[in-house]
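Undergrad: Here it is: the structure, laid out below.
No lab work stands behind these numbers, since they all come straight from the coordinates. What you see is a predicted model, and the numbers here were worked out from it, not measured in a lab. Cβ: placed from backbone, ideal geometry, glycine included. Neighbour counts: every protein chain shown.
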Amino acid sequence: MTTHSIISPVDGSVIAERELASDSLTESVLERAHEAQTVWRNTSIAERVRLCEAMVQHLEKNAADIATEISWQMGRPVRYTPNEILRGAQERARYMMSIAESELADLAVPEVPGFTKFVRRTPVGTVLIVAPWNYPYLTAINSLVPALLAGNTVVMKHASQTLLCAERFSQACEAAGFPPGVFQHIHATHATVEKMISDQRINFVVFTGSVNGGAAMERAAAGRFIGVGTELGGKDPSYVRHDADLALAIAENVDGAFFNSGQSCCAIERIYVHTDVYDQFVEGFVDLTKQYVLGNPMHSDTTIGPMVNTAAAAFVRRQIEEAFASGAQHLVGESHFPHSNTDSAYIGPTVLVDVNHSMSVMREESFGPVIGIMRVDSDDEAIHLMNDSPYGLTASIWTQDQVAAQSLGDHIATGTVFMNRCDYVDPTLVWSGVKDTGSGIALSRLGFGPYTRPKSFHLKHN
């Protein structure tokens, strides 16, 4: 028997221990999902919507307990964790439910006398969702709800740090009254996940995580001709133009860089500021950053908690040290936060200047509370630097000129262009990326596409 322990970044305690799936358990999960497909694909869309709504309501009802669990598992302050269920998850789920009937309806084609012709969207089968720890419900909802609404059965393998979230989804689906086998979770090793992907009963894979992890998923699916939707690394840039509303830009960039300890796929990880407003921006950014309260996330006054584990914090500290060695200066660092501890997951926000793209902190994903700020002389220079990255999830532009923002956005290699906003997922817009960020598509009217196959009906009348 192989087990896994969840070690909390809050205090290093073991908060849960779970047995990992054996070969026989994995086989039974896959077979139940396969057998449940017939019932579920023949269930009306209206009934699927009703059950998904009941699942969301169950999560909302238990949001307080879920919020505490999130904080213990991955360290986000408990003052913020309820919003993952009560705002983000329900907003995304309910939007996809609201458009399911229309977006999953048959596609009409031009009428021809003597024929009935249309295209039907059919479910792909069983979807394996490999979910991440950083926003354990939001990210899972992105794929879970559209996959279920489209008529697929789902097996969820959650990140080892947040196993309890998968169990909460199972409890919610059971309470909602889903047919047996339609949704199941599994606690499994990487090797078991790879075996599942190679199994003919898995028909689509969703993975959110590292670039290396995404590559492993694609290798496991090689030769099977199934879809693999990936959302991988990010190094999202922000550009503050000369005409920006500085008060807004400062407040939003600080929050976009440091919320959730910077552990967000679309967190701001590098900032370029026009020389005309650089000094003002940096001064305001530093002042606001110093107002964070680093500490135990279970305390109500804490505004930034520990990173997910000591290894993640050590990686960020190495990036900072390498930047120092190459000439960077810090205007805010761990010394400003009494609870910072170089041997722990607790790391205070760090603001670096005199940075450049020879430094890993400006090129490689940090996924932590550190930001580099560079001075630029023009829009062209900003575009060049924003595109100088292997990633492309989101980019934000801070300006009062919408025409300029749209023009700049057309030249930035990214999945989403924000103007005067950042670090937000709008369920009406498609969530996607370019380059090493991956090939996944989530949410919006396009969000059902990965979970369906088009089937043409070409019927000639007698």
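Undergrad: With +1 on the Cβ of every Lys and Arg and -1 on the Cβ of every Asp and Glu, and nothing else charged, how large is the dipole of the stretch 236-426 about its Cα centre, in debye rounded to the nearest 20? Spell out each step's value before the answer.
TA: Numbers: 8 positive and 27 negative charges, 111 e Å.
Taking the Cα centre of the stretch 236-426 as origin, the dipole is about 540 debye.
Undergrad: Along the charge dipole of the chain, Cβ charges K/R +1 and D/E -1, which of Val425, Pro450, Ala16 sits furthest on the positive end?
TA: Result: Pro450.
Undergrad: Of all chymotrypsin sites (Phe, Trp or Tyr not before Pro) in the stretch 398-429, which ones are in loop regions per DSSP and have a Cβ with at most 14 other Cβ atoms within 10 Å? Can you show the working numbers first?
TA: Working: sites: Trp398, Phe418, Tyr424; in loops: Tyr424.
Listed in order of number, the matching sites are Tyr424.
Undergrad: Helix-only mean residue ellipticity at 222 nm, the chain, DSSP H runs n ≥ 4 weighted -39,500 (n - 2.57), per residue, nearest 500. What is it?
TA: My calculation for the chain gives -11500 deg cm²/dmol from helical runs alone.
Undergrad: While we're here: For Glu35 and Ala215 in the same chain, what is the full-extension length gain: residue separation times 0.36 nm, less their Cα-Cα distance, in nm?
TA: 61.8 nm
Undergrad: To the nearest 0.05, how large is the calculated FRET efficiency for Ala105 and Asp301 if R₀ is 51 Å and r is the Cβ-Cβ distance?
TA: FRET efficiency, Ala105 to Asp301: 0.50.
Undergrad: Can you find, among Tyr137, Ile197, Gly227, the residue sitting farthest towards the positive end of the charge dipole of the stretch 124-281, where Lys and Arg contribute +1 and Asp and Glu -1 at Cβ?
TA: Ile197
Undergrad: Quote the FRET efficiency, to the nearest 0.05, computed for Glu174 versus Glu381 with a Förster distance R0 of 56 Å and r equal to the Cβ-Cβ distance.
TA: With R0 = 56 Å, the Cβ-Cβ based efficiency is 0.50.
Undergrad: If you don't mind, another one. What lysines does Lys117 reach when the alpha-carbon gap must be under 16 Å and sequence neighbours fewer than 8 apart in one chain are set aside?
TA: Partners within reach: Lys455, Lys460.
Undergrad: Please list, in order along the stretch 387-396, the HN-Hα scalar couplings obtained from phi with the Karplus expression 6.51 cos²θ - 1.76 cosθ + 1.60 (θ = phi - 60°), rounded to whole Hz, x for Gly and Pro.
TA: 7, 7, 7, x, 10, x, 9, 9, 9, 10
Undergrad: Treating the beta-carbon of each Lys and Arg as +1 and of each Asp and Glu as -1, no other charges, what is the dipole magnitude of the chain about its Cα centre, to the nearest 20 debye?
TA: Details: 34 positive and 52 negative charges, 392 e Å.
My answer is approximately 1880 debye.
Undergrad: For the stretch 132-180, what's the relative contact order in percent, using C-alpha pairs closer than 8 Å and at least 6 residues apart?
TA: 37
Undergrad: Putting +1 on Lys and Arg Cβ atoms and -1 on Asp and Glu Cβ atoms, find which of Ser326, Leu25, Tyr80 reaches farthest to the positive end of the dipole of the chain.
TA: Selected residue: Leu25.
Undergrad: Now for a separate question. Hand me the GluC sites (Glu not before Pro) from the stretch 85-155 located in a DSSP loop with no more than 15 other Cβ atoms within 10 Å, in residue order please.
TA: Of the GluC sites (Glu not before Pro), the ones in loops of the stretch 85-155 whose Cβ has at most 15 other Cβ atoms within 10 Å are Glu111.
Undergrad: Before anything else, pin down the relative contact order of the chain: Cα pairs under 8 Å, at least 6 apart, normalised by residue count, whole percent.
TA: Once normalised by length, the contact order is 19 percent.
Undergrad: Another one. So for the chain, what are the equivalent ellipsoid semi-axes in whole Å, largest first, each being the square root of 5 times an eigenvalue of the Cα gyration tensor?
TA: Semi-axis lengths for the chain are 39, 28, 19 Å.
Undergrad: Averaging sequence separations of C-alpha pairs under 8 Å and six or more residues apart, then dividing by the length of the stretch 272-370, give the relative contact order as a whole percent.
TA: 27
Undergrad: Under the classification rounded if a/c is under 1.5, otherwise prolate if a/b is larger than b/c and oblate if not, where does the stretch 1-149 fall, given a ≥ b ≥ c as square roots of the Cα gyration tensor eigenvalues?
TA: Numbers: a/c = 3.21, a/b = 1.72, b/c = 1.86.
Oblate shape, in that a/c is at least 1.5 and b/c is the bigger or equal ratio.
Undergrad: Also, I was wondering about something else. What is the stretch 23-107 by shape, rounded, prolate or oblate, if you read a ≥ b ≥ c off the alpha carbon gyration tensor as root eigenvalues and call it rounded for a/c under 1.5, prolate for a/b larger than b/c, and oblate otherwise?
TA: Verdict is oblate for the stretch 23-107.
Undergrad: Could you give me the ³J(HN,Hα) list for the stretch 62-75, computed from phi with Karplus coefficients 6.51, -1.76, 1.60 and θ = phi - 60°, whole Hz, x at Gly and Pro?
TA: Going residue by residue, I get 9, 4, 5, 5, 4, 4, 5, 4, 4, 4, 5, 6, 10, x Hz, with x marking Gly and Pro.
Undergrad: Any lysines with Cα under 29 Å of the Lys235 Cα? List them, leaving off those in the same chain fewer than 8 positions away.
TA: Answer for Lys235, where 29 Å is the Cα cut-off: Lys157, Lys290, Lys435, listed by chain and number.
Undergrad: Is the stretch 236-426 rounded, prolate or oblate when judged by the Cα gyration tensor, a ≥ b ≥ c being the square roots of its eigenvalues, rounded requiring a/c under 1.5 and prolate requiring a/b larger than b/c?
TA: Taking the square roots of the gyration eigenvalues as a ≥ b ≥ c, the stretch 236-426 is prolate.
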